[in-house]
Amino acid sequence: MDVRHRRLLQRGLKEDCKPRPFDQEGIDFIYVKHRVLQPESGAFDLISPCHEFKSFAIAAELDRTRLQAKFAKEVLKFATGCMNIRSNGTIHFGVMDSKEDTGYVHGEIVGIPIKDKDIYVDALDYIEKCFPTDKEHARHCVRPPRFFEVMDRESTAKNYVVEVDIVPSVNIVKGKVYAVLLPNFNEAANKVQYEKKAILRRVGSKTEPVSDSDFSDFFQRVKERDAQREEAEKTQVLSTPFCQDLGRKLTMLITSGKKFIENDKWFIFITNKFKPDDLSNIEWLLNMKILSVFDFDPDSKISGLCSKYLEHHAANMHSLQSYRISRDRRIK
């Protein structure tokens, strides 16, 4: 069995998952180790992000200077490719790529140890030297790194997936072609040095230099790419706004990323009035080990959660009236 077929077989044995919502602030999101993201992708409609994976396992253990140079190189290489073709994108660190046959599959979430998040955040200060004439544009398009915990069912070690979103809004990139000086730590010289200036673009799932033979055509089609991006942004504004997947979030919190609820867990519920449709779908809740319920539905015992619960379990009932303190008594 060749490597490709072995990887396809391995992938079929592991559960797929979706990436966290693109360029959304204030979202609680957790990845589960060994689940698999969809394969790396190229530009689709310019708004749906293209993706690139980096395991970063070795680099994550480097000292600050070497780690920052490596992280900045990968982020800014990817960012330049996205900016030049006007496509949104996300680069993921702590997700296996397909360069090595390590027993993992392409897109498998493994996570990396993070000693200091500021190391990654500050690494993007390389923008100043990598984009000497377009640093303000790069700062606007390259979002700060975001850190998402990886839940491991077999370990208590805390690892993360680090993600950087690229958003080349047309009002920033219009009319531009971007060149970048990528950093490398030169071991012989014991310092960071910069590669020759390069114009990069996304080609399928890869970021590649624009070849000499394609230079003229690439520059001539700048207006065409700008028009496509502008149209895509208009379409996005008219589309349905993003809604957080609360069902997935609740499942993750209750199961800790597993496919079952652990028997040693007890739950405390705080709830208000149930809608009739919701009340008819609570079998899973009735089978959980519940320590206590704070129910703020005044009709719960008649037509709410309490009435359904009492059909299956006995319960000790307490009302707020039981805990009312009379005026002539004081709490000491």
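Every read-out reported here was derived from the displayed coordinates using simple, explicitly stated rules and does not represent laboratory data. Computed from a prediction, not measured in an experiment: that's the story for all the values here. Note: ideal-geometry Cβ built from the backbone for every residue, glycine included; neighbour counts use all protein chains shown.
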Worksheet item: So what J values fall out for segment 302-309 if you push phi through Karplus, 6.51 cos²θ - 1.76 cosθ + 1.60 with θ = phi - 60°, rounded to Hz, Gly and Pro as x?
Response: 9, 9, x, 4, 4, 4, 5, 5
Worksheet item: Once amide H atoms are placed 1.01 Å from N in the peptide plane, what residues at a sequence separation of 5 or more from VAL203, or on another chain, have their amide H within under 5 Å of its amide H?
Response: GLU208
Discussion item. 7 Å from Cα along Cα→Cβ at both VAL121 and ALA157: what's the point-to-point distance in nm?
Written reply: 2.5
Item to complete: Can you tell me the 0 to 90 degree angle between the C-alpha axis of helix 3-12 and the longest principal axis of the chain, rounded to 10?
Response: 20
Worksheet entry | All aspartates and glutamates inside 17 Å of LYS115 as judged from Cα atoms, apart from same-chain residues fewer than 8 positions distant | GLU61, ASP63, GLU149, GLU163
Worksheet item: What residues qualify as long-range amide H neighbours of MET151, i.e. H under 5 Å apart, gap of 5 or more or another chain, H built at 1.01 Å from N?
Response: TYR31, VAL32, LYS33
Worksheet entry | Cβ charges +1 (Lys, Arg) and -1 (Asp, Glu), total dipole of segment 266-323, debye | 140
Worksheet, complete the sentence: The FRET efficiency for ARG66 and ALA198, from their Cβ-Cβ distance with R0 = 30 Å and rounded to 0.05, is 0.90
Discussion item. Over the chain, with a Gaussian network built from C-alpha contacts below 10 Å, which listed residue (LEU67, LEU253, LEU305) shows the highest mean-square fluctuation?
Written reply: LEU305
Worksheet item: What is the distance in Å between the Cα centres of segment 258-296 and segment 144-223?
Response: 45
Worksheet item: If you bin every alpha carbon distance in the chain into 20 Å steps from zero, what whole percent lands in each bin?
Response: 25, 45, 23, 7, 0
Worksheet item: Are any of the pairs LYS135/LYS176; LYS129/LYS196; LYS73/LYS197; LYS18/LYS265; LYS77/LYS129 more than 18 Å apart by Cα-Cα distance, and if so, which?
Response: LYS18/LYS265
Fill in: Between helix 222-238 and the chain: long-axis angle, C-alpha atoms, 0 to 90°, nearest 10
10
Worksheet entry | segment 61-74 - phi-based ³J(HN,Hα) in whole Hz, Karplus 6.51/-1.76/1.60, Gly and Pro as x | 9, 6, 6, 3, 5, 5, 4, 5, 5, 5, 4, 4, 4, 5
Response to the item:
Listed by chain and number, the aspartates and glutamates with an alpha carbon less than 14 angstrom from that of LYS206, same-chain partners under 8 positions apart left out, are GLU40, GLU52, GLU74, ASP97
Worksheet item: Hey, with R₀ at 22 Å, roughly what FRET efficiency would PHE296 and ILE30 work out to, going by the Cβ-Cβ distance, to 0.05?
Response: 0.20
Worksheet item: Between GLN220 and ASN287, what is the spin-label point distance in nm, taking each point 7 Å from the Cα along the Cα→C-beta axis?
Response: 6.5
